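The values are calculated or read from the model by the stated rules, or taken from the named source; none is laboratory data. Everything quoted here is computed from the prediction, not taken from an experiment. As a convention, Cβ positions derive from the backbone with ideal geometry for all residues, glycine included, and neighbour counts pool all protein chains shown.
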Amino acid sequence: MKCVFIDCQRLSRVIDLVKIAMKELEERFLTPRNGDRESLEKLFAILGEEDVRVVAFDEFVFLVKCLSRREDYGNTESMVARLRALASTAPFSTVFTSSSLREVRAMMSTHRRVIARGFDAILGLKPLSFKHSVEFIKKASALYGIDIPEDDTLKMAIYGDEIPFYMLSLVRSYVMAKSADNALKEELTNRPVERS
């Protein structure tokens, strides 16, 4: 099953959304010269053509904030309505996630009606258990072809707050950092740590 994960925290324009998705699909894509609205429609069309089954928009609050400021949308209601229309007619499942209930609540307090109408359900997901977190890190490290020692695996489960997104980020950083502590430092500072 082909899935695409889009980290919306990295967005400043719609074209960033398209570029992230194309990188996930390992496709070359010419930057559209169209407006934001057409770029978003093009993104959904390409994902449908590529036989993608699931698209996850992680930290979707950033997506809503970014797009609602753009000229083609002008406000949150218009942007959410367009996003919902595209998601409801897409041939793939669309999942919108957020690690911050505070951000979702803040957005809902000002736009409750359109958000409630725009999304089918908002589920509060709890972190994994410690045992499942350790399992998750072991499986993720196997996907990256690395063997993480048991003590670093345990540290990463703790450092990642037992949240899959954070633990996966730590595993990715571990590839270069070579220790759980350095992987955490790289994630917190967004800079490579000096290695000995």
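Within segment 81-99, the residues that satisfy the criterion of being within 26 Å of Lys2 (Cβ to Cβ), among the aliphatic types (A, V, I, L, M) and assigned to a helix (DSSP H, G or I) are Leu83, Ala85, Leu86, Ala87. Taking the criterion of being in contact (Cβ under 8 Å) with a residue 24 or more places away in the chain and outside any helix (DSSP H, G or I), the only residue of segment 179-196 that qualifies is Ser179. Scanning segment 70-83 for any residue that is more than 25 Å from Pro127 (Cα to Cα) and modelled with pLDDT of 80 or more turns up at least one such residue.
Kindly check whether there is at least one residue in segment 101-118 that is at pLDDT below 85 and in a loop (DSSP other than H, G, I, E, B). Scanning segment 101-118, I find no residue that is at pLDDT below 85 and in a loop (DSSP other than H, G, I, E, B), so the answer is no.
Pairing each residue of segment 154-178 that is more than 15 Å from Lys126 (Cβ to Cβ) with any residue that is among the acidic types (Asp, Glu), provided the two are 6+ apart or on different chains, yields C-beta distances under 7 Å for Ser169/Glu187; Leu170/Glu187; Ser173/Glu186; Ser173/Glu187; Ala177/Glu186.
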